[in-house]
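Structure first, then comments.
The values are calculated or read from the model by the stated rules, or taken from the named source; none is laboratory data. Remember, predicted model here, so these are calculated numbers, not experimental data. Every residue, glycine as well, gets a Cβ built from its backbone with ideal geometry; the counts of neighbours run over all protein chains shown. Ligands, DNA and RNA are excluded from the accessible area calculation, which covers all protein heavy atoms including side chains. Shrake-Rupley method; radii C 1.70, N 1.55, O 1.52, S 1.80 Å.
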Amino acid sequence: MNSQPILGNEAIAIGIIENGCRVVTAYPGTPSSEILAGVMKHKKRLKRDVYTEWSINEKVAFEIALAASWTGLRAVVTMKQVGLNVASDPLFSAAYTGVKGGFVVISADDPGPHSSQTEQDSRLMALVAKIPVFDPSTPAEAREVIKDAFALSERYKIPVILRPTTRLCHAVQSLSIDGAHEPDDGIPSVKFHRDPPRWTATPKFRNLLHVELNKKLKDIADEFSDSPLNYVVNASSNGTMGIIASGVAFQTAQQALQELGARVPILKIGTPFPLPQKLVNSFCAQFETLIVLEEPDVCIEIQIQDRSHVKGRLDGSVPGAGELTPEVIFLVLSKALSEAGYQVNQPPEDPELAALIKGLPLPVKPPRLCPGCSHRSAFFAMKRTFGPNAIYPGDIGCYTLGTNLRAVDTFVDMGASITMANGFFQANRLVKDERPIVATIGDSTFLHSGVAPLINAVHTGARFVLLILDNHTTAMTGFQPTAANDYLADRMEAPRKVSIPDLVRACGVGYVNVADPYDQEDFIRTLKEAQAHAQSPDGGVAVLIAERPCTLYDQSPILEHPVPVVITEECDGCRYCTEAFECPALVLRPDKSRVDIDYSICVDCGQCIDACHKGFIIPKILEISRA
Amino acid sequence: MDIKLIITGNGGQGIVFLTRLFAQTAVTLGHSVMVSETHGMSQRGGSVISHLKINGDEAPLILSGTADFMIALEANEAVRNLALLRRAGMVFVNADDGLRSEVGHHLDRLNIKVMRLPASRLALELGSASITNIIMAGFAAAHPAFDIPIKKMTATVEKISKNNAELNLKALETGYQAGRKIFSA
Ligand code: SF4
Ligand code: SF4
């Protein structure tokens, strides 16, 4: 059969489509974002009728998929781990009420973290919500396990979680994708039926549902003890040590053992909650020492009943934070094995070279906004208007990188720019701090969870400037459409698009304006106007919408009006532009004598002309006319 | 064949495309692959690294000190990741000059060879900085130790290029010819 290299997230998508899922909803977030794109690709390939949507946030996505499940259809909702926090309200409730059609929640964790504000563990969330979890270790497994996930969900009428991690989502594995899928049975003839003790359970019934849920979990734990998803490798080796591992750490542990030259039995746990206690107990009974390898936190380890011989994150044998890289796992196992009297190989890495490189002053290139990014222009104008003295609450998106420009003083979670601004306003009033407050939020994030905070701020009389950076897309996660776009997930025309200015007005905001951040002069003028409104006696929250498409997504406005620039001979390398404007195409010469433009990445946006206060960055046409 | 390859550079240099090029070619040849890619925040200009295993285990990352080859689109990223290579491993780097002098004697001691090509310069000569990655692919493929035939790479470039197949093929060929010249000398 024909193999292809398939991204982990796409493998998950294939599993979703192959197993007759009919509704897939999602909110983008690294590392989960490519799942829905894969679903759209493979529903086309297999000609399946599947409803897909990029929902406005994770709670909305969850509930739309849940309703489909209550109708009797198979449904999936995907998100990143912090998105599960947003969807936690329905998550907890749905554990009690249960489901009808198979319902799989995919929550991707980010050990490291690489692109998240926390290293939280969705398996622990599942444990608290009392929902079973599947924890695959490769893209191939992730695709396969979706069949089991749907089946379990339908057998026990319970939502289940599939938990991949960054390294699985962004792994590419050779898989054979044709031939294997089940034939399409068409849309099942199901419909929603009233069931008051379940779908509208009052507290009295909720208690019964809780009892029922506990019973389900007990039965599922027993079932998991016999499940082929949990098995032992290297069983025949004899020794005093055993390993329990799940997720990608299972694969990494096998690789480490190979390099260590040791054969140690590993109990692979594919279902970390509820833990298959019988299987785990009988495995543990065989060894004097057990090592638990799991990411990003402790889920298996805390469920093990007798932990007296267990080494893991709790006793410090495994680091309590950060990714379980091959090097970390090698070290952990090497130490434990040596202590248990095993002969092991040295780490293959050359320690001298590694130490030398660690000490070298290699330039660290932090991520930066793209050349020509409109956020940079908006931030630059904002800093020019309000200076270093204002308070700048920020939010989650590409524009979080405004921290480099000192244009983002706080970010907490999606939508918090507005609530933090509101909170700072109230606190500052008490402590008599009169600094201006200017919050920034992107279009997608505003729609995700900025609207309710804005209403709250208006209603309680807060005063600050809110800059909505509207670049017409969800850029950071790969350009998913928002409710303000005129197209849907599958690129079909949207029946209606939401107007952000109208929405803001409807929240009761007294000053709403739209300006192009590429027009610095006008943008600064509107910013001042907004601030005047925020400070005037009958003013309040003032909203300025910075409108300009993301340069990486839509270059057409620049291609229509390119403004190529040059830096004149007079440039003295003062570095104002590289620090205050920070376009990656502005490069300080190694001898620091001047700044050059890296034309290989410059997009001719002309925005840096304003970034040299001495006027040494000029449009190319001027240079020609000078000569 | 059993290859562990590191591909590194900065966000925006086309590391993911380059990785897919090798992965796709290996799969066409009937090999199994396991790759780890960088997505998300660091794609906005930060350090980007891919790990690629052909016919290896199923762990996405390569254990430090065991990689056979590294292709680096930027010299500092090459140095940053040198310890990932095994003894007698090989670096293909896009650079005008050699790697930082501090690492020199360790490279000799560990018998790690550095193959250098000013690929950015060649790319600009061909008309676009964006094909530096493919020039480096051709360069590596020209080395006798690098066991992926150029013919298959050419077929993959044709297959996975969107609308710029012609330029990409020219880039691959340019890197390959440059490599043949350098490696036969
Ligand atoms: S992707 Fe778009 S929004 Fe994000 S940094 Fe680049 S230009 Fe700016
Ligand atoms: S014109 Fe200036 S700001 Fe725009 S991309 Fe080029 S160097 Fe950067």
Subject >> Members of the range B:39-56 that are within 23 Å of B:Phe139 (Cα to Cα) and more than 7 Å from chain A (Cβ to nearest Cβ) >> reply: B:Val48, B:Ile49, B:Ser50, B:His51, B:Leu52, B:Lys53, B:Ile54, B:Asn55
Original post:
Has the range A:451-461 got at least one residue that is closer than 19 Å to A:Pro28 by Cα and either modelled with pLDDT of 95 or more or outside any loop (DSSP other than H, G, I, E, B) (or both)?
Top reply: yes
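For residues in the range A:599-609 being near ligand 2 (Cβ under 9 Å from one of its atoms) and in a loop (DSSP other than H, G, I, E, B), which is most open to solvent (accessible area, probe 1.4 Å)? Lay out the reasoning, then the answer.
The initial filter retains those residues of the range A:599-609 that are near ligand 2 (Cβ under 9 Å from one of its atoms), namely A:599, A:601-609.
Still in the list and also in a loop (DSSP other than H, G, I, E, B): A:599, A:601-606.
Numbers: A:Tyr599: 111, A:Ile601: 68, A:Cys602: 33, A:Val603: 32, A:Asp604: 48, A:Cys605: 24, A:Gly606: 13 Å².
Per the stated criteria, the residue is A:Tyr599.
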Original post:
Looking only at the range A:5-36, which residues are open to solvent by 10 Å² or more (accessible area, probe 1.4 Å), under 21 Å from A:Asp184 (Cβ atoms) and within 14 Å of another protein chain (Cβ to nearest Cβ)?
Top reply: A:Glu10
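Counting just the residues of the range A:342-360 that are of a type in the set (A, V, I, L, M, F, W, C) and outside any helix (DSSP H, G or I), which one comes out nearest to A:Glu259 (Cα to Cα)?
Narrowing the range A:342-360 to residues of a type in the set (A, V, I, L, M, F, W, C): A:344, A:353-357, A:360.
Now restrict to residues that are outside any helix (DSSP H, G or I): A:344, A:360.
Numbers: A:Val344: 9, A:Leu360: 28 Å.
Among those residues, the one meeting the criterion is A:Val344.
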**OP:** Would you please name the residue that is nearest to ligand 2 (Cβ to nearest atom), looking only at residues in the range A:577-593 that are open to solvent by 30 Å² or more (accessible area, probe 1.4 Å) and either within 19 Å of A:Glu521 (Cα to Cα) or among the charged types (D, E, K, R) (or both)?
**Re:** A:Ala580
**OP:** Six or more apart or on different chains, Cβ under 9 Å: which pairs go from a residue in the range A:301-321 that's touching a residue at least 12 places away in the same chain (Cβ under 8 Å) to one that's in a loop (DSSP other than H, G, I, E, B) and open to solvent by 90 Å² or more (accessible area, probe 1.4 Å)? Could you list them?
**Re:** A:Glu301/A:Arg307; A:Glu301/A:Leu314; A:Ile302/A:Leu314; A:His309/A:Glu288; A:Leu314/A:Arg307
Original post:
Quick check: anything in the range B:129-146 farther than 13 Å from B:Ile182 by Cβ, without any contact (Cβ under 8 Å) to a residue 60 or more places away in the chain and not aliphatic (A, V, I, L, M)?
Top reply: no
Original post:
Would a scan of the range A:419-432 turn up a residue that is under 19 Å from A:Gly510 (Cα atoms), more than 14 Å from every other protein chain (Cβ to nearest Cβ) and buried (at least 24 other Cβ atoms within 10 Å of the Cβ)?
Top reply: yes
Original post:
Of the residues A:Ala439, A:Ala494, A:Ala475, which single one is open to solvent by less than 20 Å² (accessible area, probe 1.4 Å), more than 16 Å from ligand 2 (Cβ to nearest atom) and within 14 Å of chain B (Cβ to nearest Cβ)?
Top reply: A:Ala475
Original post:
Which residues, taken from the range A:362-385, are within 11 Å of ligand 2 (Cβ to nearest atom), part of a loop (DSSP other than H, G, I, E, B) and hydrophobic (A, V, I, L, M, F, W, C)?
Top reply: A:Leu369, A:Cys370, A:Cys373
**OP:** Within the range A:386-412, track down each residue that is surrounded by 20 or more Cβ atoms within 10 Å (Cβ to Cβ), away from ligand 2 (no atom under 16 Å from the Cβ) and assigned to a helix (DSSP H, G or I).
**Re:** A:Phe386, A:Tyr399, A:Thr400
Original post:
With respect to the numbered conditions (1) surrounded by fewer than 24 Cβ atoms within 10 Å (Cβ to Cβ); (2) within 9 Å of chain A (Cβ to nearest Cβ); (3) part of a helix (DSSP H, G or I), which one is the sole condition not fulfilled by B:Glu77?
Top reply: (1)
Original post:
Which members of the range A:241-265 meet the condition of being touching a strand residue (DSSP E or B) at 6+ places or on another chain (Cβ under 6 Å) and surrounded by fewer than 22 Cβ atoms within 10 Å (Cβ to Cβ)?
Top reply: A:Pro265
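Would a scan of the range B:45-62 turn up a residue that is among the acidic types (Asp, Glu) and open to solvent by 20 Å² or more (accessible area, probe 1.4 Å)? Reasoning before the result, please.
Here is the first cut: in the range B:45-62, the residues among the acidic types (Asp, Glu) are B:57-58.
Applying the additional criterion that residues be open to solvent by 20 Å² or more (accessible area, probe 1.4 Å) yields B:57-58.
Yes.
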Original post:
Within the range A:541-569, restricting attention to residues that are in contact with a Cys (Cβ under 6 Å, 6 or more places away or on another chain) and in a loop (DSSP other than H, G, I, E, B), which residue is most open to solvent (accessible area, probe 1.4 Å)?
Top reply: A:Leu552
**OP:** Select from the range A:541-558 the residues that are more than 13 Å from ligand 2 (Cβ to nearest atom) and modelled with pLDDT under 95 and list them in ascending order.
**Re:** A:Tyr553, A:Asp554, A:Ser556
Original post:
Take the residues of the range A:120-137 that are over 20 Å from A:Gly29 (Cα atoms) and of a type outside the set (A, V, I, L, M, F, W, C): which is surrounded by the fewest Cβ atoms within 10 Å (Cβ to Cβ)?
Top reply: A:Lys130
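Please pick out the residue among B:Ala83, B:Ala67, B:Ala59 that is over 19 Å from B:Ser120 (Cβ atoms), within 7 Å of chain A (Cβ to nearest Cβ) and touching a residue at least 24 places away in the same chain (Cβ under 8 Å).
Numbers: B:Ala83 fails: touching a residue at least 24 places away in the same chain (Cβ under 8 Å); B:Ala67 fails: within 7 Å of chain A (Cβ to nearest Cβ).
Of the residues listed, the single one that is over 19 Å from B:Ser120 (Cβ atoms), within 7 Å of chain A (Cβ to nearest Cβ) and touching a residue at least 24 places away in the same chain (Cβ under 8 Å) is B:Ala59.
Hey, can you tell me all the residues within the range A:334-384 that are among the polar types (S, T, N, Q) and within 16 Å of ligand 1 (Cβ to nearest atom)? Give the derivation first.
Quick first cut of the range A:334-384, residues among the polar types (S, T, N, Q) only: A:334, A:338, A:343, A:345-346, A:374, A:377.
Those that are among the polar types (S, T, N, Q) and within 16 Å of ligand 1 (Cβ to nearest atom): A:Ser374, A:Ser377.
Is it the case that B:Ala88 is away from chain A (no Cβ under 11 Å), in a loop (DSSP other than H, G, I, E, B) and of a type in the set (A, V, I, L, M)?
Numbers: away from chain A (no Cβ under 11 Å): yes; in a loop (DSSP other than H, G, I, E, B): no; of a type in the set (A, V, I, L, M): yes.
No; evaluated as a whole, the condition is false for this residue.
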**OP:** Name every residue in the range A:100-119 that is among the small types (Gly, Ala, Ser) and open to solvent by 10 Å² or more (accessible area, probe 1.4 Å), in order of residue number.
**Re:** A:Gly112, A:Ser115, A:Ser116
Original post:
Taking strands (runs of 3 or more DSSP E) that do not extend beyond the range A:217-305, which have at least 3 residues that are among the aliphatic types (A, V, I, L, M)?
Top reply: A:241-246, A:266-269, A:289-293
Original post:
Which residue, of A:Asp538, A:Asp572, A:Asp596, is farther than 27 Å from A:Gly387 by Cβ and either open to solvent by less than 50 Å² (accessible area, probe 1.4 Å) or not in a helix (DSSP H, G or I) (or both)?
Top reply: A:Asp596
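For the range B:12-38, what are the residues that are of a type outside the set (S, T, N, Q) and either within 7 Å of another protein chain (Cβ to nearest Cβ) or free of Cβ contacts under 8 Å to residues at least 40 places away in the same chain (or both)?
Step one: of the range B:12-38, the residues of a type outside the set (S, T, N, Q) are B:12, B:14-18, B:20-23, B:26-27, B:29-31, B:33-35, B:37.
Within the range B:12-38, B:Gly12, B:Val16, B:Arg20, B:Ala23, B:Val27, B:Gly30, B:His31, B:Val33, B:Met34, B:Val35, B:Glu37 qualify.
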Subject >> Matching residues in the range A:312-341 - criterion: being part of a loop (DSSP other than H, G, I, E, B), surrounded by 15 or more Cβ atoms within 10 Å (Cβ to Cβ) and within 14 Å of chain B (Cβ to nearest Cβ) >> reply: A:Glu323, A:Leu324, A:Thr325
Subject >> Residues located in the range A:356-373, provided they are touching a strand residue (DSSP E or B) at 6+ places or on another chain (Cβ under 7 Å) and in contact (Cβ under 8 Å) with a residue 12 or more places away in the chain >> reply: none
